[in-house]
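Scroll down for the structure; my scribbles are underneath it.
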Ligand SMILES: [Zn+2]
């Protein structure tokens, strides 16, 4: 193999650059440091994903086994290595530790490295800011998939952090000065929150409810675990995705265990996570009514793609990346969501489609924007506006 000694650039940068990175430290020592930082951040994200939606502190107590409470010593709390060394089991009680822990650590490490390699050479500050944004994405995605919420600490916290980082690193907004960066970040929050809010309201109007026609001869049965329609049984956890969801019907006749009603509205909803039944003017705790039969012509079930958490989440993305990123992310997430829904239906898992929050699609779309989607939109805009 012949190497040309006259070669003085590597990946488009002069050779000296690679030996004098930020603070005079060679670039790839930074690369290594970023990957290790990513692994450690990933380990912390596992704690955030597990504890934050439960309202627990993410700092204290230290890492412990969820089953036997065994306090994990530092030497067994190393990212990836410890999980592999212990083969995914607690060192004390041998309970299985989810491979999710390993996956989150490895993914965060790889993502930090990739972000550094792509943005570090031109703007180290921007690379670090993006790593922080992506850490938020990973936490938001896993929490949204499991709990169908994105905590305010991540979304509202993200708006504040995104704004402050835009002031510190105007590169993040693709502008040269701090005043421009403040304007771009503020506009990003307004447009990001605004477009998702508009879609949310419109969606509620158009698709917020699913009307199921029911033959009055075959009453709908509500029992402890779900409701029985002529077409089959639906467990409640598939009906109630969010706190505001309700099942409603105009009932010709309602039979409870010991009571009867005629021509009344019926509504089953969650009040602070407790299912509550309203029949006409009366309110019951659903747990006290193990069985109910409703004769009606139509049952209205909730169906909601986005929630208010997604409005705040997109506002945070706007704070970091500007308004163009939010518009791109809105459209790209709709495409990704549709592809996933079609794929799930194709493999016979269509019941899952309604159970996925919208946050993960937004996060993936915003990452596509960062890693190249903005070039696509620049071209498209310049093409459609015409020169
Ligand atoms: Zn244990």
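Each reported figure results from applying straightforward, stated rules to the coordinates on display, with no laboratory input. The structure displayed is predicted, hence computed values, not measured ones. Neighbour counts are summed over all protein chains in view; Cβ atoms, including those assigned to glycine, are modelled from backbone coordinates with ideal geometry.
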query = Rounded to the nearest 500, what is the chain's calculated 222 nm mean residue ellipticity when only DSSP H runs of at least 4 contribute -39500 (n - 2.57) each, over all residues?
reply = -16500 deg cm²/dmol
inquiry  = Let me make sure I get this right: for region 209-302, a, b and c are the square roots of the gyration tensor eigenvalues over alpha carbons, sorted descending. Under 1.5 in a/c it's rounded, otherwise prolate if a/b > b/c, else oblate. Which is it?
reply    = rounded
query = Picking from 306, 13, 34, which is most flexible by a Gaussian network model of the chain using Cα springs under 10 Å?
reply = 13
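At a 10 angstrom cut-off on C-beta neighbours, averaged per residue, how do the peptides 165-172, 91-98 rank from highest to lowest?
165-172, 91-98
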query = For the residue pair residue 153 and residue 87, what label-to-label distance in nm results when each label sits 7 Å from Cα along the Cα-to-beta-carbon direction?
reply = 3.5
inquiry  = When a/c reaches 1.5 or more, the comparison of a/b and b/c decides; with that in mind, is region 19-121 rounded, prolate or oblate per its Cα gyration tensor?
reply    = prolate
request  = Report, largest value first, the span of the C-alpha coordinates of the chain along each principal axis, in whole Å.
outcome  = 90, 66, 42
inquiry  = Once R0 is set to 25 Å, what does the formula 1/(1 + (r/R0)^6) return for the Cβ-Cβ distance between residue 15 and residue 36, expressed as a FRET efficiency to the nearest 0.05?
reply    = 0.50
ask   = For the chain, what's the relative contact order in percent, using C-alpha pairs closer than 8 Å and at least 6 residues apart?
value = 17
inquiry  = Test of understanding: what is the full-extension gain from residue 183 to residue 29, defined as 0.36 nm times their sequence separation minus their Cα-Cα distance?
reply    = 51.9 nm
ask   = What is the Å³ per residue value for the convex hull set by the Cα atoms of region 79-186?
value = 118
query = Tell me, what is the FRET efficiency for residue 276 and residue 344 to the nearest 0.05, using R0 = 41 angstrom and their Cβ-Cβ distance as r?
reply = 0.85
inquiry  = Between residue 96 and residue 308, what's the calculated FRET efficiency when r is the beta-carbon distance and R0 is 25 Å? Round to 0.05.
reply    = 0.10
Choice from 25, 138, 362 with maximal GNM fluctuation in the chain (Cα, 10 Å cutoff) = 25
query = In a GNM of the chain with a 10 Å cut-off on Cα contacts, which of 157, 55, 337 has the highest mean-square fluctuation?
reply = 55
